[in-house]
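Visitor: Have a look at this one before I ask anything.
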Amino acid sequence: MSSSQNSSPTKDPQSHSAEVKPYVRMATLEEAETLSAIAGRSFIHDPVFNYFNQIDHLLDPTVDEKEVEERRVWFSFLTKACFLVGGRVTVVVDPNENDKIVSAALWLPPKKRLAVWMVPTLFRAGVIPVLKNWGLTGLLVRDFPMAYLGDCTEVENLFHEQRIVLDYQDTAEKTMETCFKKTKKIGSAHNAWYLQLTFTDPDYYGKGFMSMLVREAFDHTPEATFVLEATTPKSRNMYAHLGFQNPTPINFGVKKADRNGLNARGEAALGVEIWAMAKVRDKFPSYE
């Protein structure tokens, strides 16, 4: 763990105007709602989350308040679940803005993944609001009897009715294994650190905070292998710059959505394309 996580930097007492650089620290479960709000803004037009949300237009935060809030609730669930399964959540804070959180990364350690049979964890993370919002095959289930969710088998059935598992997770996991094998690494991608999410407040784009978070993870576990899915060509190229290799395409939603993840039919319904990528220790680039 880098020293920047153990103590907050202080300004030079001789210069009140000097700015202190943003730094990385560990996040806490109590900050999950703050993180979900940032993620919601960061991923407002992300094709994967457009597809999950089953929308037919790019969201406008000033108009599509309901859909924007549903997406924030989903990120709240993911963030809390990451904490609850033993994940590692790091944030970049800006000491010049009262230690405001401006970027975050959600990492799942080897062999620690969220699964549908983890019923108590799903409930604690807030799965019920997610099911209400995105429900069976994307339909709202506000009148669905909550007692029905008490059985593990039924919870699994609910999830497998949704795009998140049926179209995305199964396809992504199979492709990730293919990508992992291309690195000539023995074993399974489940033995690697998985970058579940990384995001930055849009007001702070272009400042290198995502790179800070990823490189901090490299320093934290210098002998580890890392895997992720890049959801846009831009993020794919950014991860490649950090040493992630073998971008293996993952395609889902064909005949249901366009490349932006928006509901579509006919020739426009090409589906969403993302990329599984992996990084092994001996491929690390120089930071100089």
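What follows draws every value from the coordinates through simple rules; no lab data is involved. This one's a predicted model, so the numbers in the text were calculated from it and none came from an experiment. Here Cβ is always computed from backbone atoms with ideal geometry, including for glycine, and neighbour counts include all displayed protein chains.
Visitor: Principal axes first, then extents: for the Cα atoms of segment 186-246, list largest minus smallest coordinate on each axis, whole Å, largest first.
Guide: 40, 24, 18
Visitor: Please compute the length gained on full extension between TYR205 and THR62, using 0.36 nm multiplied by the number of residues separating them and subtracting their Cα-Cα distance.
Guide: Additional length available on full extension: 49.4 nm.
Visitor: Quick one: which of 217-228, 31-42, 247-258 comes out on top by average Cβ neighbours within 10 Å, and what's the full order, highest first?
Guide: Details: 217-228: 16.9, 31-42: 20.2, 247-258: 18.5.
Top of the packing list down: 31-42, 247-258, 217-228.
Visitor: In nm, what is the difference between 0.36 nm times the number of residues separating LYS255 and LEU270 and their Cα-Cα distance?
Guide: Working: separation 15, 0.36 × 15 = 5.40 nm, distance 0.63 nm.
This chain segment gains 4.8 nm when fully extended.
Visitor: Take the residue pairs LYS234/LYS279; LYS207/LYS279; LYS132/LYS256; LYS132/LYS234 and return only those whose Cα atoms are more than 25 Å apart.
Guide: Numbers: LYS234/LYS279 18 Å; LYS207/LYS279 23 Å; LYS132/LYS256 22 Å; LYS132/LYS234 32 Å.
In this structure, LYS132/LYS234 lie more than 25 Å apart at Cα.
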